[in-house]
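Note sheet for the following structure.
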Amino acid sequence: MKISTKGRYGIRALIDLVINSECGSVTLKAISERQEISERYLEQIFSLLRKAGLIIGRKGAQGGYTLSKNPNEITIGEILRALEGESLLIDINDDNSNDMERFVNKVIWSEINKKINDYFESITLEYIVEEYRKEKEEIIYYI
């Protein structure tokens with residue numbers, strides 16, 4: 001499994017959104033500048049996130065984006081599914097499998113796929129933001 005730039009940038013953009021949304025909506029332009037991600041690419045990413053119901057877009061002078069729910073209710077798994085589809089190490093297709101292949105799929109590959117998905121589902125956006133803030137405090141503290 002390889003997570004594309006869409007998934008990686010999407011997670012970074014949502015972390016940025018949470019950190020900078022304390023005063024209201026956040027514009028793509030602001031996220032683009034802070035994260036050094038093309039605004040056009042962010043538009044594509046945010047379109048998928050909006051369709052998945054993870055963010056809300058507002059137009060106008062006070063426009064921008066906000067999360068549709070609390071960061072503790074959004075998992076990394078949800079974000080990646082919205083941007084990448086299912087996170088599978090091995091795409092298991094039992095249609096034309098022989099007995100040995102079905103056995104290996106069941107015992108090894110499906111278990112690995114489950115563990116990967118369980119891991120992504122166990123991490124909330126809030127947890128990532130908290131860990132980022134802790135790291136930033138440590139960096140400032142040691143300087």
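Below, the figures for the structure above:
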item	result
Yes/no for Asn113 being touching a residue at least 12 places away in the same chain (Cβ under 8 Å) and either of a type outside the set (Asp, Glu) or farther than 27 Å from Lys69 by Cα (or both)	yes
Region 24-52, subset β-branched (Val, Ile, Thr) and in contact with a helix residue (DSSP H, G or I) (Cβ under 8 Å, 6 or more places away or on another chain), residue surrounded by the fewest Cβ atoms within 10 Å (Cβ to Cβ)	Ile37
Helices (runs of 4 or more DSSP H) within region 42-143 that include 1 or more residues farther than 25 Å from Ser32 by Cβ and in contact with a strand residue (DSSP E or B) (Cβ under 7 Å, 6 or more places away or on another chain)	110-122
Residue in region 18-26 that is under 30 Å from Ile116 (Cα atoms) and touching a residue at least 60 places away in the same chain (Cβ under 8 Å) present	yes
Breaking point among (1) within 22 Å of Lys2 (Cβ to Cβ); (2) of a type outside the set (D, E, K, R); (3) free of Cβ contacts under 8 Å to residues at least 60 places away in the same chain, for Thr124	(1)
Condition check for Gly64: of a type outside the set (A, V, I, L, M) and out of contact with any Gly (no Cβ under 9 Å at 6 or more places or on another chain)	no
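Read the figures in this text as sums done on the coordinates, not as results from a lab. No experiment lies behind these values; they were computed from the predicted model shown. No Cβ is skipped: glycine too gets one built from the backbone with ideal geometry, and neighbour counts run over all protein chains shown.
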